[in-house]
Structures are given as structure tokens and as C-alpha cells.
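S.K.: Please read through the structure below; I'll follow up with questions.
The values are calculated or read from the model by the stated rules, or taken from the named source; none is laboratory data. All of these numbers come straight from a predicted model, not from anything done at the bench. Note that each Cβ is placed from the backbone with ideal geometry, even for glycine, and that neighbours are counted across all protein chains shown. The area values use the complete protein model at the heavy-atom level, side chains included, leaving out ligands, DNA and RNA. Shrake-Rupley method; radii C 1.70, N 1.55, O 1.52, S 1.80 Å.
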Amino acid sequence: MSTLGAGSVLFCRARLDCGLMPRPLAVWGDAGYAIFAFRGVLQLAGHEVGVPRSVPGGVFVGVGDTYLLVNGFDGGATAGARRISRSGRRDRLSPTE
């Protein structure tokens, strides 16, 4: 669970950096998943912490996913994405790819 929480913090940061979510929503996700990761570390250390520590991350999943479903993804957010071609060179993706 601590690995899932840490990875989710990075994923929320990426959504913020790409402009896929408004700042308050992405920060809420960062905080919720940081608490989730810390809870996992405490459980590994032998401390029993209850389910309420998972609530901020869980509520973020519902709200954040609903936001993305209602508002959609910004096509320009991925316009600067790159791919590695067969020759090993980095190429810019065109909007049609």
C-alpha cells in the first residue's frame, strides 16, 4: 500500500504538471495519497491504523475521476509528448497520433 500511495502521489503531480486537473484538486490528491502511503509505512512498522486514513485518497478518486469524465481531457495537455522511434531518436507526437 505504501508503494501504491507513493506512485499515486507522482501520478497526481503529473496530472498537475500536464494541466489535466485544477491545482486544488491535484493538491488534494497529493495530500490524500501521501497520507495513504504513510499509513502503509506505519502498518509495515507494526502499528494498526484504521481505515479512516484512507478516506481523503478514496474521496479524491471519486471526485477526481468524475471531474475528468465530465470535463474530458485537454488535447493540448499531451501535445508536447514525445515518443522514441525505432531508430532510438525522440520524436514529437503529432496531434493525430
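S.K.: If you count only protein heavy atoms and use a 1.4 Å probe, how large is the accessible surface of Leu4, to the nearest 10 Å²?
M.R.: Surface open to solvent at Leu4 totals about 100 Å².
S.K.: Right, something else. Between Val49 and Asn71, what length in nm is gained on full extension when 0.36 nm per residue of separation is reduced by their alpha carbon distance? All intermediate terms of the calculation are to be shown ahead of the outcome.
M.R.: Numbers: separation 22, 0.36 × 22 = 7.92 nm, distance 3.56 nm.
Length difference between fully extended and current span is 4.4 nm.
S.K.: If r is the Cβ-Cβ distance from Phe38 to Leu10 and R0 is 22 Å, what FRET efficiency results, to the nearest 0.05?
M.R.: Numbers: r = 15 Å, r/R0 = 0.69.
That gives a FRET efficiency of 0.90.
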